Amino acid sequence: MGTNEEIERFLNKAQDLVDDGLDELLETKIIRENDLSDYSYIQHQLHELVEEADQLMVQFPDQRSRLAEIQRKIREIQEVMVKGIY
C-alpha cells in the first residue's frame, strides 16, 4: 500500500470513528441508559487510533502535520466524551 493510500485510509477511519463517538455521546445523553458498552468500545477505538497515529508519524514523517491534526481531533472528542457522560 502506498504512503498516500495508507494515510488516507487512516484519516478516513479516524474521521468515521470521531463521528461515531459524537453520535454515541448524543445517544447516551438522550437515552441515559446504564449500558455504556458501545460508548466504552468507541473510547477504546479512539485510544487505539491515537497510538496508530503515533506509529504512522514515525513511518511517514512527511505526513506528520496531517496525522497530528487528526490526532488532535481524536483527543478532543475523547475529552468531550468523558466530560459529556458525567
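The values are calculated or read from the model by the stated rules, or taken from the named source; none is laboratory data. Here the structure is a predicted model, which means the values were calculated and not measured. As a convention, Cβ positions derive from the backbone with ideal geometry for all residues, glycine included, and neighbour counts pool all protein chains shown. Accessible surface areas use protein heavy atoms only, side chains included; no ligands, DNA or RNA. Shrake-Rupley method; radii C 1.70, N 1.55, O 1.52, S 1.80 Å.
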Checklist entry - Considering only the range 27-48, how many residues are aliphatic (A, V, I, L, M) and either more than 17 Å from LYS83 (Cα to Cα) or at pLDDT below 75 (or both)? => result 3
Checklist entry - Under the condition of being aliphatic (A, V, I, L, M) and either surrounded by 15 or more Cβ atoms within 10 Å (Cβ to Cβ) or closer than 18 Å to GLU8 by Cβ (or both), which residue from the range 75-84 is modelled with the lowest pLDDT? => result MET81
Checklist entry - Which pairs do you get when a residue that is basic (Lys, Arg), found in the range 7-26, comes within reach of a residue that is open to solvent by 60 Å² or more (accessible area, probe 1.4 Å), reach meaning Cβ atoms under 8 angstrom, with the pair 6+ apart or on two chains? => result ARG9/MET1
Item to check | Residues located in the range 53-74, provided they are under 16 Å from ASP20 (Cβ atoms) and open to solvent by 40 Å² or more (accessible area, probe 1.4 Å) | outcome: LYS73
